[in-house]
Amino acid sequence: EAPDFDTSLQSLRILVEGGGEMKQKALDSFHSRWKKDTATLCYWFSVQSRFSRCTAEDVKKAMQAEGFDPKNPNHLRSAVHTFTQNLARFHDPSGKGYRFAVDQIIEIAQYNPMISFNLAKQVFLDFEKLPDVQKQLLAKEGRRLLSAKLPPEVYELLRRVANVGDK
């Protein structure tokens with residue numbers, strides 16, 4: 001166990017990215033030590049969501065861990081928003097990354113419209129730059145969003161950025 005937070009976090013990043021048996025031990029150790037500190041726990045979520053082999057399922061699992069508060073905007077940003085910046089995994093050819101993010105937008109909109117809107121902005125940020133296959137997958141999720149109960153800003157964003165309201 002590292003003597004201080006900085007060393008502990010750097011060790012966690014290295015061991016998680018390295019994978020293997022040490023990855024889970026490092027995650028468990030860091031979580032055990034910091035799970036009651038809501039601010040520090042954000043780093044634990046971010047490290048996992050940023051991991052080059054992280055999947056949407058991995059993020060969902062992390063969000064089930066003790067200490068995660070789905071109404072804490074920082075926890076949501078650390079887990080979900082960070083995952084959308086993990087480009088290889090978010091843009092998974094199966095569309096699972098998009099599906100996960102849209103599920104989160106819908107759920108979060110029920111209690112925090114601003115975080116929902118900001119997440120939607122991130123998800124659809126580069127829509128027009130995506131290859132056609134990815135654009136179709138994300139547009140499909142955008143159309144699913146249009147049928148959900150969302151803040152008006154999200155509907156406008158979808159229509160403006162992804163043109164999903166016109167299809």
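The values are calculated or read from the model by the stated rules, or taken from the named source; none is laboratory data. These numbers come from a predicted model, not from an experiment. Methodologically, a virtual Cβ is constructed for each residue, glycine included, from the backbone with ideal geometry; neighbour enumeration extends over all protein chains shown. Side chains are part of the model used for accessible areas, which takes the heavy atoms of the whole protein and leaves out ligands, DNA and RNA. Shrake-Rupley method; radii C 1.70, N 1.55, O 1.52, S 1.80 Å.
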Simple spin-label estimate for K129 and T38 in nanometres, 7 Å along Cα-Cβ: 3.4 nm
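Starting from the Cα gyration tensor of the chain, take the square roots of the eigenvalues, sort them a ≥ b ≥ c, and report rounded, prolate or oblate (rounded when a/c is under 1.5, otherwise prolate if a/b is larger than b/c, else oblate). If you can, show how the numbers build up before the last one.
On the way: a/c = 2.88, a/b = 1.79, b/c = 1.60.
Note, shape of the chain comes out prolate.
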Please give the length that would be gained between Q110 and D69 if that part of the chain were fully extended, namely 0.36 nm times their separation in residues minus their C-alpha to C-alpha distance (nm, one decimal). 13.3 nm
Can you tell me the FRET efficiency between Q10 and D103 if r is taken as the Cβ-Cβ distance and R0 is 30 Å, rounded to the nearest 0.05? 0.40
Distance between Cα centroids, segment 1-57 to segment 88-137: provide it in whole Å. 25 Å
Once phi is turned into θ = phi - 60°, what whole-Hz ³J(HN,Hα) does the Karplus curve with 6.51, -1.76 and 1.60 give for every residue of segment 130-147, x standing for Gly and Pro? 6, x, 3, 4, 5, 4, 5, 5, 6, 4, 4, 5, x, 5, 5, 4, 4, 8
Which value in nm describes the separation of the simple spin-label points at L87 and D28, placed 7 Å from the Cα toward the beta carbon? 3.5 nm
So how much accessible area does E128 have, in Å² to the nearest 10, using a 1.4 Å probe? 110 Å²
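R0 = 30 Å: FRET efficiency of E21 with R160, Cβ-based, nearest 0.05? Display every interim value, and only then the final one.
Working: r = 47 Å, r/R0 = 1.57.
About 0.05, to the nearest 0.05.
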Extending each Cα 7 Å along its Cβ direction at E153 and D58, get the distance between those two points in nm, one decimal. 3.1 nm
